[in-house]
Amino acid sequence: MLSLMQGIDDRTTTEQAWSLFVHTPISHDTELEGFRRRCYSFDQGEDDSVTARPGLNGYLYDRKGRIYIRQLTSELEAFIRNAPLSVDF
């Protein structure tokens, strides 16, 4: 998930990989599912704070969209840093 989100900014995430990610629920981890749902809502235009618009020159989203995904990426990185080393399911 982190690599895909980082790839939005550096143009390494393909449209197909991103679409698979945002459309596939993560049922085994509610926190990661929350991040995925926020990406899905943004991608589908359901997020009121920013509109997903196509990018140019190999970017999936325009500048504002990339900034939004970058903010989500920072939140995910913080979540990972603070996550426990193991989780019981």
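The values are calculated or read from the model by the stated rules, or taken from the named source; none is laboratory data. What you see is a predicted model; the values in this text were computed from it and never measured. Here the Cβ positions follow ideal geometry from the backbone for every residue, glycine too, while neighbour counts run over all protein chains shown. Just the protein is used for accessible areas: all its heavy atoms, side chains included, with ligands, DNA and RNA removed. Shrake-Rupley method; radii C 1.70, N 1.55, O 1.52, S 1.80 Å.
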Exercise. Can you spot a residue in the stretch 60-72 that is surrounded by fewer than 16 Cβ atoms within 10 Å (Cβ to Cβ), basic (Lys, Arg) and over 12 Å from the mean Cα position of the chain (by Cα)?
Worked result: yes
Exercise. In the list Thr12, Thr30, which residue meets the criterion of being closer than 25 Å to Arg81 by Cβ, at pLDDT below 95 and of a type outside the set (Gly, Ala, Ser)?
Worked result: Thr30
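Across the stretch 7-16, what is the total count of residues that are out of contact with any helix residue (DSSP H, G or I) (no Cβ under 6 Å at 6 or more places or on another chain) and either under 18 Å from Phe79 (Cβ atoms) or open to solvent by less than 50 Å² (accessible area, probe 1.4 Å) (or both)?
Filtering the stretch 7-16 for residues out of contact with any helix residue (DSSP H, G or I) (no Cβ under 6 Å at 6 or more places or on another chain) gives 7, 10-12, 14-16.
Now drop any that are not either under 18 Å from Phe79 (Cβ atoms) or open to solvent by less than 50 Å² (accessible area, probe 1.4 Å) (or both), which leaves 7.
Residues that pass the stated criteria total 1.
Report, by residue number, each residue of the stretch 32-46 that is over 13 Å from the mean Cα position of the chain (by Cα) and charged (D, E, K, R).
Just the residues of the stretch 32-46 that are over 13 Å from the mean Cα position of the chain (by Cα), to begin with: 45-46.
Within the stretch 32-46, Glu46 is the sole residue that qualifies.
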